[in-house]
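Heads up, the thing below is written out as structure tokens.
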Amino acid sequence: MKNPLIIANWKMKLSHQEALDLAKKISKSAYRYKDSEVVLCPSFIDIIDVSGMIKDTGISLGAQDCFWEERGAFTGEISPLFLQQIGVKYIIIGHSERRAISEESEEMVHKKVRLILTLDTTPVLCVGETFEERQEGLKDVVLRRQIYSALNGLWFNKSDRIVIAYEPVWMIGSGQDADPEEITHSHKVIRQLLYDLFPDQVVDNQIKIIYGGSVDPENVSRYLSQNSVNGVLVGASSLDAVQFSSIVAAAIKC
């Protein structure tokens, strides 16, 4: 695997000062990240200041969500165009917490992905099954439905990129280790549907599939040792600079 993608999702966990302190610590270690692609996704109130702190370090800036229109009378929403203008390169879309808590629909996810691709920005599309869906043997069905709904009908230009983040909902924040073979199976299901939707060269060269769900320094090597895993989406362990740097180091070794 060349240049693994490591995305830090800080969620709504840090105060403004805590976010700045963490960004400062991580940026000091940026010289160690040259053989990886590291992305920080702070909360919206921290994005501009974090952007300044990681400028010229090689670390990319990400956002945790956006709206599906560039501008307009949408109180409280965040435009992906405005995010792109302040240096955001990646935007997380369809995270399970958005789908569950904010009741974000498949149509909303599709419209967001479609717009982001027009803005020279990379959507990070989160997909994954709940515990109940897994118990009922519906995992593959859920993955296919989520990906098909989000990506069907899209057209890729040569510069377009998409990241698919497989995050089984029941694993997020659980502290449990996922079975690497099960992750490989899920990634194969995802990749096969992508081949059904897009030309082979698009899937092979313009789409990365990563894993998220209680990723930490102890288990990241097991996940990234799977050929199908191109990187990781990190939650809780990205809130500690030492743990996060350990994850990046392990990813580079893989």
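Where a number appears in this text, it was derived from the coordinates with a stated rule and is not lab data. Owing to the predicted nature of the structure, the values given are computational and were not obtained by experimental measurement. Here the Cβ positions follow ideal geometry from the backbone for every residue, glycine too, while neighbour counts run over all protein chains shown.
Cross-link partners of Lys188 among lysines, defined as those whose alpha carbon lies under 18 angstrom from its own and excluding same-chain residues fewer than eight positions apart: Lys139, Lys208.
Projecting the Cα atoms of Pro4, Ala19, Phe198 onto the charge dipole of the chain (Cβ charges, centred on the Cα centre) puts Pro4 farthest toward the positive pole. Computed from the Cβ-Cβ distance with R0 of 51 Å, the FRET efficiency linking Asp35 to Gln135 stands at 0.80.
Counted by Cβ distance under 15 Å from Arg71, the other residues give a net charge of -1, where Lys and Arg count +1 and Asp and Glu count -1.
Can you tell me which aspartates and glutamates have their Cα less than 13 Å from the Cα of Lys111? Leave out same-chain residues fewer than eight positions away. List returned: Asp65, Glu69, Glu70. For the pair Glu70 and Asp179, the difference between a 0.36 nm per residue extended length and the Cα-Cα distance amounts to 35.2 nm.
Using only Cα coordinates, the Kirkwood hydrodynamic radius of the chain works out to 18.2 Å. Only Lys, Arg, Asp and Glu carry charge here, each on its Cβ (+1 for the first two, -1 for the last two); on that basis the range 5-253 has a dipole of about 700 debye about its Cα centre. Looking at the chain as a GNM with Cα springs under 10 Å, which of His187, His16, His95 has the largest mean-square fluctuation? Fluctuation is largest for His16. If R0 equals 41 Å, the separation of the Cβ atoms of Ser221 and Thr118 corresponds to a calculated FRET efficiency of about 0.65. As a proxy for reagent exposure, Ile183, Ile7 were ordered by neighbouring Cβ count within 10 angstrom, fewest first; the result is Ile183, Ile7.
In the range 26-74, the alpha-carbon atoms span a convex hull of 97 Å³ per residue.
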